[in-house]
1. So which of Lys66/Lys109; Lys16/Lys109; Lys21/Lys109; Lys21/Lys105; Lys66/Lys121; Lys72/Lys109 end up more than 28 Å apart by C-alpha?
2. Below 10 angstrom from the Cβ of Glu26, what's the summed charge of the other residues (Lys, Arg +1; Asp, Glu -1)?
3. Can you grab the distance from the C-alpha centre of the stretch 1-71 to the C-alpha centre of the stretch 75-150, Å, no decimals?
4. With charges only on Cβ, +1 for K and R and -1 for D and E, what is the dipole size of the stretch 6-161 about its Cα centre, in debye, rounded to 20?
5. Just to check I understand the Karplus step: with θ = phi - 60° and J = 6.51 cos²θ - 1.76 cosθ + 1.60, what whole-Hz values come out for the stretch 91-104, glycine and proline as x?
6. Taking the mean number of other Cβ atoms within 10 Å as a proxy for protection, how do you rank 45-53, 27-35 from highest to lowest?
7. For the stretch 2-160, I need the span (max minus min coordinate) of the C-alpha atoms along each principal axis, in Å, sorted largest to smallest.
8. Sort 72-79, 87-94 for me by packing, meaning the mean count of neighbouring Cβ atoms within 10 Å per residue, highest on top.
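Bear in mind these aren't lab numbers, they're just calculated from the coordinates by the rules spelled out. Since the structure is predicted, the reported quantities are computational estimates derived from the model, not experimental observations. A quick note on method: Cβ atoms are made from the backbone with ideal geometry, for glycine too, and the neighbour counts reach across all protein chains shown.
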Amino acid sequence: MNRYNGRPALHAFGVKGAPTKEPESEAETALLLQAMISSEHPGIDFVIGDYNTSAGVDLLVEKLDKGIRTEKWAELVSSLENLFAWEHPPLGIHIVVCYTLGRVKEHQKFTDGTEARLVTKTPGRYALIVGEETIDVYVLREILEQASRREADDTRLARTV
């Protein structure tokens with residue numbers, strides 16, 4: 001109980017049903033992700049189709065890609081650095097959802113020696129370039145922080161009008 005109480009509080013403005021503490025595990029990251037989807041958070045542009053932690057890749061997600069519904073494989077990790085610590089090849093992963101980046105460098109190697117390069121797209125959204133493949137990375141903490149900054153800006157603007 002003391003360890004739980006000592007964990008940082010989660011700040012998820014506008015997200016209904018979110019956990020109260022920052023995620024520290026895959027399951028807690030999944031709970032936050034589902035709360036963001038249920039709250040129609042603008043930073044998440046897919047829905048969960050299937051969740052299975054014993055089938056290799058954690059999620060099958062449904063996403064609109066140029067107006068066409070597609071299914072993609074997604075991996076859940078509390079911190080992106082965990083993805084590089086597992087004996088889990090990147091082959092077949094289309095999306096990674098994490099709470100934080102952790103201590104990931106721009107150039108990183110998977111345990112099998114496969115090299116990856118992390119590229120920033122927008123706040124909270126990255127691309128992990130692995131050979132000829134691109135894996136979309138959603139960093140939930142940064143997405144929530146960006147939404148919180150926008151909300152604060154909107155509130156300040158409303159007060160000045």
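1. On the way: Lys66/Lys109 31 Å; Lys16/Lys109 37 Å; Lys21/Lys109 30 Å; Lys21/Lys105 26 Å; Lys66/Lys121 18 Å; Lys72/Lys109 23 Å.
Over 28 Å Cα-Cα: Lys66/Lys109; Lys16/Lys109; Lys21/Lys109.
2. On the way: positive: none; negative: Glu24, Glu28, Asp58, Glu75.
Every neighbour counted, the sum reads -4.
3. A separation of 15 Å, based on Cα centres.
4. On the way: 18 positive and 25 negative charges, 133 e Å.
The dipole magnitude comes to about 640 debye.
5. 4, x, 8, 9, 9, 10, 10, 9, 7, 9, 6, x, 9, 9
6. Numbers: 45-53: 14.1, 27-35: 19.1.
The peptides rank, most packed first, as 27-35, 45-53.
7. The Cα atoms of the stretch 2-160 stretch 53, 47, 30 Å along the principal axes, largest first.
8. Order by mean packing, descending: 72-79, 87-94.
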